[in-house]
Structures are given as structure tokens and as C-alpha cells.
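Peer 1: My questions all concern the structure below.
The values are calculated or read from the model by the stated rules, or taken from the named source; none is laboratory data. Quick caveat, the model's predicted, so the values are computed rather than measured. Don't worry about glycine lacking a Cβ; one is built from the backbone with ideal geometry, like all the others, and counts go over all protein chains shown.
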Amino acid sequence: MSDAFPSRPSPDHSPPLASSPSYVTYPWQPPPAPPAQRRPPRRTPLGHHSDLRILRTAYRWQRRVATLTALGYFTLFLVLSAYAPSFMTRTVSGGLTLGLLLGLLQVPVTFLAIALYAYTARHTVDPIADRIRRQAALDSRQETVR
């Protein structure tokens, strides 16, 4: 056999290093500057903000008030019809009974519940939703700048 193609490497030849040393800089160079610290945001991001909880609470109250207005009146009508038939058969005027009058009043009470729902939406829920929407747009613009 010739020395041109040894079958095993000789002990005095070590393989070349494939990577650089394990430390970041060489000992004679100064350490790298720490990364610049970002200013913490003034407030927490929208996902952790209490405005969403406030919005859910306002919307929940809005639904309850409107629902209880319409269903409460209808339930009162049904209870009076079942447990106070003599009260409901009283004549109010001509052939109009109190039960029929209360039944006809269900339509205006339903419209009142709808108007109450719209009023509370405009004055309570919508301003909170608009504030959250504006803040989300501002947060997304700030994120794209970074």
C-alpha cells in the first residue's frame, strides 16, 4: 500500500474545525452592545383590556332589559288570563274587555321594547364599541410602525 491513500487517519492530523469557537467575540474584542430597550406600552394591548369586558356587560344588560320588557308584559298577560279570569273579563267600554285591551297593548309594548333596545344601543353600547374599534386601529398602526 502507498501513503497516498491511508486506510485510517494518522493521530497527528486532526480534522479541521467546522465551526467557529463557542464564544461570541474573540477575547481581545469588546463585548457587543446590548440590544436597545423598547419603551413599554403605556397601556396593555387590546386583548387584555377591560374595555371588552365592559362592552360585554353593557350588551348583556341591553339584551336583558329589552327582553324582560317584552316578555315580562306578555307573561303578566298570561298569568292574569290564567289566574284572574274575572279581572280579564271586565268590560272597559262597549264590548271591549280588559283582557282584549291588555292583549292589544302587547303590540305597543313590543315596539317600546324595540325602541328601548335601540336607545340603549346608541347611548351605551355603541360608544364603547367605537372606542374599542378606534383603539384597535391605533394599536394595529403602532404595530406596523415597529
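Peer 1: Kindly establish whether ARG141 is assigned to a helix (DSSP H, G or I), of a type outside the set (A, V, I, L, M, F, W, C) and either modelled with pLDDT of 85 or more or in contact with a Ser or Thr (Cβ under 6 Å, 6 or more places away or on another chain) (or both).
Peer 2: Working: assigned to a helix (DSSP H, G or I): yes; of a type outside the set (A, V, I, L, M, F, W, C): yes; either modelled with pLDDT of 85 or more or in contact with a Ser or Thr (Cβ under 6 Å, 6 or more places away or on another chain) (or both): no.
Spelling it out, it is not the case that ARG141 is assigned to a helix (DSSP H, G or I), of a type outside the set (A, V, I, L, M, F, W, C) and either modelled with pLDDT of 85 or more or in contact with a Ser or Thr (Cβ under 6 Å, 6 or more places away or on another chain) (or both).
Peer 1: Which of (1) surrounded by 15 or more Cβ atoms within 10 Å (Cβ to Cβ); (2) farther than 23 Å from ASP51 by Cα; (3) among the charged types (D, E, K, R) does ARG90 not meet, given it meets every other one?
Peer 2: Of the numbered conditions (1) surrounded by 15 or more Cβ atoms within 10 Å (Cβ to Cβ); (2) farther than 23 Å from ASP51 by Cα; (3) among the charged types (D, E, K, R), the odd one out for ARG90 is (1).
Peer 1: Right, next: Where residues in the range 68-94 are out of contact with any strand residue (DSSP E or B) (no Cβ under 8 Å at 6 or more places or on another chain) and among the β-branched types (Val, Ile, Thr), which of them is nearest to PRO108 (Cα to Cα)? Can you show your working first?
Peer 2: Here is the first cut: in the range 68-94, the residues out of contact with any strand residue (DSSP E or B) (no Cβ under 8 Å at 6 or more places or on another chain) are 68-87, 92-94.
Imposing the further condition that a residue be among the β-branched types (Val, Ile, Thr) reduces the set to 69, 75, 79, 92.
Working: THR69: 11, THR75: 15, VAL79: 19, VAL92: 19 Å.
So the residue we want is THR69.
Peer 1: Checking GLY103 against (1) loosely packed, with under 11 Cβ neighbours inside 10 Å; (2) farther than 20 Å from ARG63 by Cβ, only one condition comes out false. Which one?
Peer 2: (1)
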